[in-house]
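Chemist: The following block contains the structure, expressed as structure tokens.
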Amino acid sequence: MTNSAYLTNYIAYLNNASNALTYYFLMIIIPTGILGNLISFYIYTRPSLNRKTNTGFLYAGLCVVNLLSILNYGFITHSNALFNYTVTMPCGLANYLRRTVFNAISWMQVLISFDRLMAVLYPRLKLMKNKVGF
């Protein structure tokens, strides 16, 4: 066996191992993440948690963004590992969606931190205290 053939076989072996690891990782992460975020969403939208502030609703929004991220990661970004198909989107739309969803998670956390900072520093300020209801 020549070095070229050995290298080709080794690369194929690494690709197969990587695809298998990705598949099993996604089979564990997607159901766990969806279930955990749905339970969290239910908890954060309870009226008892949102009597005085909107913090629960902000965290519920974070759960929604996390769900979108999990679905995007599993069914668009790594669809080939799960279902042996590739989602084709025009003009780099898949990359745009991936970046936007991942950045939305960070910005949602910044918004939650800002809300808590304003509540601690200025408890009488009515900036973000308008109640939101479901």
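What follows draws every value from the coordinates through simple rules; no lab data is involved. As the structure is a computational prediction, the values presented were derived from the model and not from experiment. Ideal geometry is used to build each Cβ from the backbone, glycine not excepted, and the neighbour counts take in all protein chains shown.
Chemist: Between THR45 and ASN84, what FRET efficiency comes out of the Förster formula 1/(1 + (r/R0)^6) with R0 = 35 Å and r the beta carbon distance, rounded to 0.05?
Modeler: After rounding, the FRET efficiency stands at 0.40.
Chemist: In addition: What is the angle, in °, between the Cα long axis of helix 93-121 and the longest principal axis of the Cα atoms in the chain? Nearest 10 is fine, range 0 to 90.
Modeler: 30 degrees
Chemist: Output wanted: per-residue J couplings in Hz (rounded whole) for the range 42-59, from phi through Karplus 6.51 cos²θ - 1.76 cosθ + 1.60, θ = phi - 60°, x for Gly and Pro.
Modeler: 4, 5, 6, 9, 5, x, 5, 7, 10, 6, 9, 9, 9, 4, x, 5, 5, 5
Chemist: Kindly state, to the nearest 0.05, the FRET efficiency for PHE25 paired with TYR96, given R0 = 25 Å and r defined as their beta-carbon distance. Mind dumping the intermediate values first?
Modeler: On the way: r = 24 Å, r/R0 = 0.97.
According to the calculation, E is roughly 0.55.
Chemist: In nm, give the distance between the simple-model label positions of SER113 and ASN3, each being 7 Å from the Cα along the Cα-to-Cβ direction.
Modeler: 5.0 nm
Chemist: Now a separate question. Which whole-number percent gives the relative contact order of the chain, counting Cα pairs below 8 Å spaced six or more residues apart?
Modeler: That works out to 25 percent.
Chemist: Then there is this: Please compute the contact order of the range 64-110 in relative form: average sequence separation of alpha-carbon pairs under 8 Å and at least six residues apart, divided by the residue count, as a percent.
Modeler: Relative contact order here is 43 percent.
Chemist: In deg cm²/dmol and to the nearest 500, what is the mean residue ellipticity at 222 nm of the chain if only DSSP H runs of at least 4 residues count, each as -39500 (n - 2.57), divided by the residue total?
Modeler: Per the formula, -24500 deg cm²/dmol.
Chemist: Can you give the Rg to Rh ratio of the chain, both from alpha-carbon atoms, with Rh computed by the Kirkwood formula?
Modeler: Values: Rg = 21.3 Å, Rh = 18.0 Å.
A ratio of 1.18.
Chemist: Given ALA104, PRO31, THR45, which one lies farthest toward the positive end of the charge dipole of the chain, if we put +1 on the Cβ of every Lys and Arg and -1 on the Cβ of every Asp and Glu?
Modeler: Final value for the positive-end residue is THR45.
Chemist: Can you compute the FRET efficiency between VAL64 and ASN15 using 1/(1 + (r/R0)^6), with r the Cβ-Cβ distance and R0 = 41 Å? Round to the nearest 0.05.
Modeler: That pair, VAL64 with ASN15, gives E of 0.75.
Chemist: Quote the charge dipole size of the chain about the Cα centre in Debye, to the nearest 20; the model charges only the Cβ of Lys and Arg (+1) and of Asp and Glu (-1). If you can, show how the numbers build up before the last one.
Modeler: Working: 10 positive and 1 negative charges, 184 e Å.
Result for the chain is approximately 880 debye, rounded to the nearest 20.
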